[in-house]
Amino acid sequence: MKKFNKLLNRLGIARIIIILFFIALCILAVVIKLPISMLLSETIMRTGMYGILVLAMVPGIISGTGLNFGIPIGIICGLVGGLYSIEFNLNGFTGFFTAVAISIPLAAAIGYGYGLLINKVKGSEMMVGTYMGFSAVSLMCIGWLLIPFNSPAIKWPIGKGVRVTISLSERYAKVLNNFMNFKIGEVEIPTGLILFLFINCLFMWIFLRSKSGVTMKAAGDNPKFAEASGINVDKCRLRGIILSTVLGAVGIIVYAQSYGFYQLYQSPMMMGFPAVASILIGGASTNDAKISHVLVGTFLFQGLLVMALPITNEIVKEGDLSEIVRIIVSNGIILYALTKAGGGEECE
Amino acid sequence: MSESILEMKDIEKEYFGNKVLKGININVKPGEIHAIVGENGAGKSTLMNILFGMPVIHSTGGFKGEIYFNGKKTEIKCPKDAMNLGIGMVHQEFMLLPSFTITENIKLNREKTKNNFLSKIMGEKVKTLDMKAMGADSRKSLDKVGMTIDEWAMVEGLPVGYMQFIEIAREIDKSNIKLLVFDEPTAVLTESEAEHLIDCMKKLAEEGIGIIFITHRLDEVMMAADSITVLRDGEMVANKKRGETNVVELAELMVGRKIERLVNKNESAENEEQKETIMEIKNLKVLMPGEEVKDVSLNIKRGEILGIGGLAGQGKIGIANGIMGLYESKGEVLFKGKAFKLNNTSEALKSGLAFVSEDRRGVGLLLDKSMELNIVISSMQIKNEYLKKIGFFTQMDSKNIRKHALKMINELDIRCRGPQQKVRQLSGGNQQKICIARALTLKPEILFVSEPTRGIDIGAKKLILDLLVKLNKEQGMTIVMTSSELSELRAISDRIVIISKGKIEGILKPDDSDADFGLMMAGHYHKIQKEEL
């Protein structure tokens, strides 16, 4: 019982509910005879697809700016990089890495500006970030109409501006997924995709153990302490935001190559929320996050989605109930974590 | 002899096994001004918290002793009980709403109301405010305290002196007021305002209200009080009538205690004059809110333990914080003969200073991180120690960090489960040792320590002080210790600087007389013994 209580404390009630819900879904899936292997391949694939966007939350949390709800800003930078790779008519890995290479400096520059803003609104980073993300997406809707692209794959055939969705199927759709992929029984493992995520996680892990990583942790944990140790807190926060924005940019390119499309205009608007929910499910709080939280959280969250969809469709035939369940779960988790962030100090 | 309005008998109070009040007896008659004097931490606020039934008292196990009000034994369970009995309080920090008018502030929650058509249906809560009556009441109270200001003026933007009087007006507006507590009311007032306040207190006393006057300023006590109680370390050391005593005696009573020197006298007295000056501070000004340093010039000598003492809010804490660049400061500082850059923490740490903050949990520690990280992080940042270089990356040198942490745990006798334990889980004394360990990891030439024993139990206090003495003796480290507790300053320092009103009141030796310390702390030294300085 003691052990159980300890576990309960460590995981938190909400997380336990999620895990139980997940297990229940798995059992249900077996009971109603859904193809488990297919569901599992789908889950693994989506974990790799979303992983880097979730990883982008880590530097923000560590540097003390909380969950980076402004991640759509990074996503837009990634999309711009992606479009240029198509504009240059590049295919395969060259295309993919060119997209990444273009988006990184762009995201770093934009992230710097965003970081300056965040440093001016200490204490309400998350709310300002949310609206900053929304406005950036809306502003970019005009941007997509004005940026001069010439490639027929990007442009509308008639009139001005960029298409709403741009297919990658003839360029670099699934280049990572199909790199060295193999099957264990019926379960498909997208080796390249998972490898790419792990490499990014490894870099993040190394960074967090470097001098700048450690000072960032200190600045995030206790800014006053950091000041007294001669650490420039604003600089650390700036670094965290830049890193987060850059990862957001890379993340959307990885996402798009797996999904097969770049989605422009309004679609980046809500992309931040699944990422936030994932890392929170994984066990992170608004001021502490680990790489393991990213991996566990993304797997659980995507697993829930993948399972819940066909199961609810099987049980309740009419309507889009599975989507509703998903939204309740993901937004509920965000809500839970944010309320805990406010009340945590009282519990001391 | 008239009946007492308030009698507190044998009041005892413990906080977590730490006795803070040891049998206090207080007796206030109607129309009497009763002064309570004592250093910070002597137990004055705890005593008042008991009188008002503050939750902090009851949530920590209540108190022992009896309270008689108007001759009847009473139990005061919450501040509302106290209010109903007719006990009022004039707070040290103003409890006023700035965007309300004076009248609204005075009548807040005791508003006069009249009926309107809604209140007949929906009851008391929606009655209209009777502004006219409220204004008239406020006018009467304001006149009583001698304020000519318009009762409809906004509180925001009024001079601090006015706010104090509005507080008083609010208390005496309560029709049943019988006892009024003034908690250091003159701390923020100018001298003429303070005199006005004392006149006002006397006027109120004439009307038969009993007054408890808590203060540090001894000359005001002599001016105003009919009887005086002196508290020291939770004990009542004296109860005098006015005229029986004088400022010097009060100062002595306030401070006096047996001092246990931890350092051998002969050693500490060795040719002080010959010691080399390591840091020269000229006209230092520090803008630290609540602890402002106005003009301090001071020489710190190599290898000494310099104590900085004084009452809270006088600026003693600002000195170390200012030099370390945590608060904006101006002035000239020479460190080892070279000009020292102010307002730059990282430079200060690099040049060989280290600081243990008075705000241990707020500034001193990363509470949710491991002990070992807490110990090495500053030197990692400042000196690039405990890092390995691998290609472009720097990496934490876990092996070295562990080794150093274990060494510190051993040397400073930190009680913990291991170097990876989170700092939050340690006791106050051990947390303080970690702060010191971090400072030592920087291998400083001067170690600034502020309030090293605040919030630590008595056993651990001595360990910390012993540790400082050991560092000083064995490694010749220069230590500048700021503390509110005179006894600990006198126990280990070679010289003690007393700060009052942001300036140096004087420099004393640890074995100087209690009266000198007391007078300096109260800021009266110059007034009384000018020629001696």
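The values are calculated or read from the model by the stated rules, or taken from the named source; none is laboratory data. Since this is a predicted model, take the numbers as computed values, not measurements. No Cβ is skipped: glycine too gets one built from the backbone with ideal geometry, and neighbour counts run over all protein chains shown. These accessible areas exclude ligands, DNA and RNA; they are computed on the full protein's heavy atoms, side chains included. Shrake-Rupley method; radii C 1.70, N 1.55, O 1.52, S 1.80 Å.
Confirm whether A:Thr130 is open to solvent by less than 90 Å² (accessible area, probe 1.4 Å), free of Cβ contacts under 8 Å to residues at least 60 places away in the same chain and not charged (D, E, K, R).
Against the criterion (open to solvent by less than 90 Å² (accessible area, probe 1.4 Å), free of Cβ contacts under 8 Å to residues at least 60 places away in the same chain and not charged (D, E, K, R)), A:Thr130 does not qualify.
Does at least one position in segment B:402-411 carry a residue that is within 9 Å of another protein chain (Cβ to nearest Cβ), open to solvent by 10 Å² or more (accessible area, probe 1.4 Å) and either free of Cβ contacts under 8 Å to residues at least 40 places away in the same chain or not β-branched (Val, Ile, Thr) (or both)?
For segment B:402-411, residues within 9 Å of another protein chain (Cβ to nearest Cβ), open to solvent by 10 Å² or more (accessible area, probe 1.4 Å) and either free of Cβ contacts under 8 Å to residues at least 40 places away in the same chain or not β-branched (Val, Ile, Thr) (or both): absent.
What is the residue count in segment B:364-379 for residues that are touching an Asp or Glu at 6+ places or on another chain (Cβ under 6 Å) and either more than 7 Å from chain A (Cβ to nearest Cβ) or small (Gly, Ala, Ser) (or both)?
1
From (1) open to solvent by 10 Å² or more (accessible area, probe 1.4 Å); (2) part of a loop (DSSP other than H, G, I, E, B), pick out the condition that doesn't hold for B:Leu311.
(1)
Of all residues in segment A:208-231 being closer than 30 Å to A:Leu176 by Cβ and surrounded by fewer than 19 Cβ atoms within 10 Å (Cβ to Cβ), which is farthest from the other protein chains (Cβ to nearest Cβ)? Outline the logic, then answer.
The first filter runs over segment A:208-231 and keeps only residues closer than 30 Å to A:Leu176 by Cβ, leaving A:208-210, A:212-213, A:216.
Next, only the ones that are surrounded by fewer than 19 Cβ atoms within 10 Å (Cβ to Cβ) stay: A:209, A:212.
Working: A:Arg209: 5, A:Ser212: 8 Å.
Per the stated criteria, the residue is A:Ser212.
Here are the criteria: (1) in a loop (DSSP other than H, G, I, E, B); (2) at pLDDT 85 or above; (3) among the charged types (D, E, K, R). Tell me which single one A:Lys217 does not satisfy.
Only one criterion in (1) in a loop (DSSP other than H, G, I, E, B); (2) at pLDDT 85 or above; (3) among the charged types (D, E, K, R) is unmet by A:Lys217, namely (1).
Matching residues to (1) under 28 Å from the mean Cα position of the chain (by Cα); (2) not polar (S, T, N, Q):
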site: B:Ile278; (1), (2): no, yes
site: B:Ile281; (1), (2): yes, yes
site: B:Met288; (1), (2): yes, yes
site: B:Leu306; (1), (2): yes, yes
site: B:Ala348; (1), (2): yes, yes
site: B:Ser351; (1), (2): no, no
site: B:Glu358; (1), (2): yes, yes
site: B:Met371; (1), (2): no, yes
site: B:Asn374; (1), (2): yes, no
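Scan (1) open to solvent by 30 Å² or more (accessible area, probe 1.4 Å); (2) under 30 Å from B:Leu489 (Cβ atoms); (3) within 11 Å of another protein chain (Cβ to nearest Cβ) for the single condition B:Cys435 breaks and write down its number.
(1)
Could you check segment B:7-121 for strands (runs of 3 or more DSSP E) lying wholly inside it with 2 or more residues that are free of Cβ contacts under 8 Å to residues at least 60 places away in the same chain, open to solvent by 60 Å² or more (accessible area, probe 1.4 Å) and in contact with a Gly (Cβ under 7 Å, 6 or more places away or on another chain)? Step through it out loud before you land on a result.
Numbers: elements: B:18-28, B:33-37, B:64-69, B:72-74, B:87-90.
No strands (runs of 3 or more DSSP E) qualify here.
Within segment A:141-158, can you find the residues that are of a type outside the set (S, T, N, Q), part of a loop (DSSP other than H, G, I, E, B) and exposed (fewer than 15 other Cβ atoms within 10 Å of the Cβ)?
Scanning segment A:141-158 gives A:Pro148, A:Pro152, A:Trp156, A:Pro157, A:Ile158.
For B:Arg402, state whether it is charged (D, E, K, R), in the same structural domain as B:Leu334 (by TED's automatic domain parsing) and under 18 Å from B:Leu442 (Cβ atoms).
no
Suppose we keep only residues that are of a type outside the set (A, V, I, L, M, F, W, C) and within 20 Å of B:Ala439 (Cα to Cα) within segment B:325-340. Which one would you say is nearest to the other protein chains (Cβ to nearest Cβ)?
First, the residues of segment B:325-340 that are of a type outside the set (A, V, I, L, M, F, W, C): B:325, B:327-332, B:336-338.
Going one step further and asking which of them are within 20 Å of B:Ala439 (Cα to Cα), we end up with B:325, B:327, B:336.
Values: B:Gly325: 8, B:Tyr327: 10, B:Lys336: 19 Å.
Here the residue is B:Gly325.
Take the conditions more than 28 Å from A:Arg239 (Cα to Cα) and surrounded by fewer than 16 Cβ atoms within 10 Å (Cβ to Cβ) and apply them to A:Ile36. Does it pass?
yes
Yes/no per residue for (1) part of a helix (DSSP H, G or I); (2) among the aliphatic types (A, V, I, L, M); (3) out of contact with any helix residue (DSSP H, G or I) (no Cβ under 8 Å at 6 or more places or on another chain); (4) not assigned by TED's automatic domain parsing to the domain that holds B:Val248:
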| site | (1), (2), (3), (4) |
| --- | --- |
| B:Gln164 | yes, no, no, no |
| B:Glu167 | yes, no, yes, no |
| B:Arg170 | yes, no, no, no |
| B:Ile177 | no, yes, no, no |
| B:Met201 | yes, yes, no, no |
| B:Met222 | yes, yes, no, no |
| B:Thr229 | no, no, yes, no |
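Within segment A:287-295, is even one residue buried (at least 23 other Cβ atoms within 10 Å of the Cβ), assigned to a loop (DSSP other than H, G, I, E, B) and in contact with a His (Cβ under 9 Å, 6 or more places away or on another chain)?
no
Taking into account only those residues within segment A:191-205 that are in contact with a helix residue (DSSP H, G or I) (Cβ under 8 Å, 6 or more places away or on another chain) and open to solvent by 20 Å² or more (accessible area, probe 1.4 Å), which is farthest from the other protein chains (Cβ to nearest Cβ)? Step through it out loud before you land on a result.
Taking segment A:191-205 and keeping what is in contact with a helix residue (DSSP H, G or I) (Cβ under 8 Å, 6 or more places away or on another chain), we get A:193-194, A:196-197, A:200-201, A:204-205.
Remaining after also requiring open to solvent by 20 Å² or more (accessible area, probe 1.4 Å): A:194, A:196, A:200, A:205.
Details: A:Ile194: 24, A:Phe196: 20, A:Asn200: 15, A:Trp205: 10 Å.
Going through the qualifying residues, I end up with A:Ile194.
Does at least one position in segment B:412-421 carry a residue that is at pLDDT 85 or above, hydrophobic (A, V, I, L, M, F, W, C) and not in a loop (DSSP other than H, G, I, E, B)?
No, segment B:412-421 contains no residue that is at pLDDT 85 or above, hydrophobic (A, V, I, L, M, F, W, C) and not in a loop (DSSP other than H, G, I, E, B).
Taking B:Ser351 as meeting all but one of (1) at the interface with chain A (Cβ under 9 Å from one of its Cβ atoms); (2) within 26 Å of B:Gly309 (Cα to Cα), write down the number of the exception.
(1)
Does A:Ala249 fit the bill of being over 20 Å from the mean Cα position of the chain (by Cα) and in a helix (DSSP H, G or I)?
no
Within segment B:272-297, work out how many residues are outside any loop (DSSP other than H, G, I, E, B) and either open to solvent by 10 Å² or more (accessible area, probe 1.4 Å) or within 18 Å of B:Gly523 (Cα to Cα) (or both).
Looking only at that region, the number is 13.
Quick one: B:Lys399 ticks every box in (1) surrounded by fewer than 20 Cβ atoms within 10 Å (Cβ to Cβ); (2) within 11 Å of chain A (Cβ to nearest Cβ) bar one, so which box is it?
(2)
Conditions first: (1) among the hydrophobic types (A, V, I, L, M, F, W, C); (2) buried (at least 19 other Cβ atoms within 10 Å of the Cβ); (3) within 14 Å of chain B (Cβ to nearest Cβ); (4) in contact (Cβ under 8 Å) with a residue 12 or more places away in the chain. A:Leu264 passes all but one, so which condition is the exception?
The single condition A:Leu264 does not satisfy is (3).
Could you grab me the full set of residues in segment B:354-363 that are within 7 Å of chain A (Cβ to nearest Cβ) and buried (at least 16 other Cβ atoms within 10 Å of the Cβ)?
Selection gives B:Phe355, B:Ser357, B:Val363.
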